[in-house]
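The values are calculated or read from the model by the stated rules, or taken from the named source; none is laboratory data. Remember, predicted model here, so these are calculated numbers, not experimental data. Backbone-built Cβ (ideal geometry, glycine too); neighbour counts: all protein chains shown.
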Amino acid sequence: MKIRNPIARAPILKKGGAHVKKKSSQRAQVRKELRKMLDDCWNK
């Protein structure tokens, strides 16, 4: 079997990997949690 050239591989294949949330969605989640905590404090 012929060994393929690793340099000539399709660039679309480099996008694979673990499913990780984007940094922007992580920041949005933190803001959402903070707003919820502050809302709980104000409504006590």
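Listed by first and then second residue, the pairs with beta-carbon distance under 8 Å, at least 6 apart or on different chains, first residue in the stretch 14-37 and without any contact (Cβ under 8 Å) to a residue 60 or more places away in the chain, second assigned to a helix (DSSP H, G or I) and surrounded by 10 or more Cβ atoms within 10 Å (Cβ to Cβ), are LYS21/GLN29.
In the set (1) of a type in the set (S, T, N, Q); (2) surrounded by fewer than 10 Cβ atoms within 10 Å (Cβ to Cβ); (3) within 16 Å of the chain's Cα centre (by Cα), the condition left unmet by ASN5 is number (3).
The residues in the stretch 8-24 that are surrounded by 10 or more Cβ atoms within 10 Å (Cβ to Cβ) and either assigned to a helix (DSSP H, G or I) or at pLDDT 95 or above (or both) can be counted, and the count is 0.
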